[in-house]
Structures are given as structure tokens and as C-alpha cells.
Amino acid sequence: MQINKDFTIQKVGASYVAVPVGETSKSFHGMVRLNETGAFLWKLMAEKDCTEEELVDALLAEYEVEREIAARDVHRIVEQLAENKIFI
């Protein structure tokens, strides 16, 4: 999974927002709000194509969290981004 390059992410206060730019802004009208963990995963997926397992491993390396919780959180964000057609 890799984030469409027509999105940019910015920190706003304590959270992050991703908004479409370029051609994608014509079809995606809105923004995606992310917490710190979501932004961490977003940035990884923006850099390269990642599997859910790679994202879970990255989350475990960055945060003190149990694998089961990390896997659940990764799956949840991947589902939400896929539903909104944010992957290329």
C-alpha cells in the first residue's frame, strides 16, 4: 500500500491533517484527520509501498505497544484509507 502522491500532510495543533492537492482535489473533497500514530504510518506509506506486516513492525519499533494492538490499529487505518481511495 502506498499513499497517493496527490495528498499532503500537515500538523495542525496536536493532530495532523492530510488534504488532496493537484488532480485529486477535484474528486476528493475533504481532509483526513490523523493522530500522531496515524501520521507516522501515513508518512511510511507515502515514502514507499508497505505491507500491513511492515507497518506493524515499524510501529513496534517506534512505540511501546503490543503486537496485537499494533496490528489492529494498522488494519483499521489501512481499511479507512482504502475506503477513501487514498492508495495508488
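Where a number appears in this text, it was derived from the coordinates with a stated rule and is not lab data. In this text the structure is predicted, and so the values were computed from the model without any measurement. Don't worry about glycine lacking a Cβ; one is built from the backbone with ideal geometry, like all the others, and counts go over all protein chains shown.
A few points about this structure:
- Residues located in region 27-58, provided they are within 16 Å of Ala70 (Cβ to Cβ) and of a type in the set (Gly, Ala, Ser): Gly38, Ala39, Ala58
- Counted residues, region 4-37 - those being in a helix (DSSP H, G or I) and surrounded by 14 or more Cβ atoms within 10 Å (Cβ to Cβ): 2
- Selection status of Met1, assigned to a loop (DSSP other than H, G, I, E, B), surrounded by 12 or more Cβ atoms within 10 Å (Cβ to Cβ) and touching a strand residue (DSSP E or B) at 6+ places or on another chain (Cβ under 6 Å): yes
- Within region 59-79, residues that are within 12 Å of Phe40 (Cα to Cα) reach partners that are surrounded by 13 or more Cβ atoms within 10 Å (Cβ to Cβ) and of a type in the set (Phe, Trp, Tyr) with beta carbons closer than 7 Å, at six or more positions or on different chains, in the pairs Glu62/Phe40.
- Count of region 57-88 residues which are part of a helix (DSSP H, G or I), surrounded by fewer than 15 Cβ atoms within 10 Å (Cβ to Cβ) and of a type in the set (A, V, I, L, M, F, W, C): 3
- Residues of region 40-56 satisfying the condition of being crowded, with 19+ Cβ neighbours inside 10 Å and outside any loop (DSSP other than H, G, I, E, B): Leu41, Trp42, Met45, Leu55, Val56
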